[in-house]
Amino acid sequence: MHPQSERPLNARSLLLLGALALVLMSWGCGGRRMGTGALPPLPLGATLEVSELPYVVTGTTVPEIRLSLSRAATEALEGSSIDLHRSSLSLDYRYGQQGERCVMTWIRIELESAIQAPGWTDREAADSALVSMWDTYLTTLRSHEFTHQEYLYRQARDISRELYRIESPRCALMPEMANTTAARINDRYSQLNERFDEENGNITWAPREVRPER
């Protein structure tokens, strides 16, 4: 919904910042699991910056890695969790009079997704069974983060779609309508992220009784 000609009016911006501290989780059963397919396309005018910052994990046994992960949560991550995802969504828009209605004429959305994940430095010295356990563990963690990233994509899509549907007889009403709409969608996705964590429990590094041979 980008008209060929438009009369630029007021531009308002809305900054939606969210910090999602994600607990480690385990997958539930049944149905399609989020985080296992391709990400949905970003809406027109949206950009995404993704980063992954590893923190060091050491050890060549299950207990050593568990202890290192625990220390990382306490030291590197200030005790918040073993894994951490932060995201932000920045929204700018313009609107203008088109005939008798005021409509959205331009929307820009900037997304940022940052993941801090464990980087195991003793992989080459470890038993093959332990390496396999680690790969499974890390894959599950990344699938978890992928799900939250997928929610971020969908949040941007819904905001863009709903804002382009907004129209009003007076342009003075557009900022409040746009901001209220974006805030409502932001709240909905915040609840979806929280529910996803709550329903999937906690991922822990290897059952305590597992002891791969060295």
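When region 147-186 is limited to residues that are small (Gly, Ala, Ser) and assigned to a helix (DSSP H, G or I), the one that is nearest to Cys102 (Cα to Cα) turns out to be Ala172.
Hey, can you tell me all the residues within region 134-174 that are over 30 Å from Thr61 (Cβ atoms) and of a type in the set (Lys, Arg)? Within region 134-174, Arg154, Arg157, Arg161, Arg165, Arg170 meet the criteria. Looking at the structure I just gave you, is Glu52 at pLDDT below 90, assigned to a loop (DSSP other than H, G, I, E, B) and of a type in the set (D, E, K, R)? Criteria not met by Glu52. Across region 67-87, the qualifying residues are those that are crowded, with 16+ Cβ neighbours inside 10 Å and assigned to a helix (DSSP H, G or I), and the one among them that is modelled with the lowest pLDDT is Ala73. Taking the criterion of being modelled with pLDDT under 90 and acidic (Asp, Glu), the only residue of region 129-148 that qualifies is Glu145. Flag: His144 does not match the condition of being under 25 Å from Leu44 (Cα atoms), surrounded by 15 or more Cβ atoms within 10 Å (Cβ to Cβ), of a type outside the set (A, V, I, L, M, F, W, C) and touching a Gly at 6+ places or on another chain (Cβ under 9 Å). With the requirement that a residue be at negative phi and in contact with a Ser or Thr (Cβ under 7 Å, 6 or more places away or on another chain), what does region 168-204 give you? Those that are at negative phi and in contact with a Ser or Thr (Cβ under 7 Å, 6 or more places away or on another chain): Met174, Met177, Phe196, Asn200, Asn202, Ile203.
A residue that is closer than 30 Å to Thr58 by Cα, modelled with pLDDT of 95 or more and surrounded by fewer than 16 Cβ atoms within 10 Å (Cβ to Cβ) occurs somewhere in region 113-121.
The values are calculated or read from the model by the stated rules, or taken from the named source; none is laboratory data. Just so it is clear, the model here is predicted, and its values are computed rather than measured. Please note: Cβ atoms are built from the backbone with ideal geometry, for glycine as well, and neighbour counts cover all protein chains shown.
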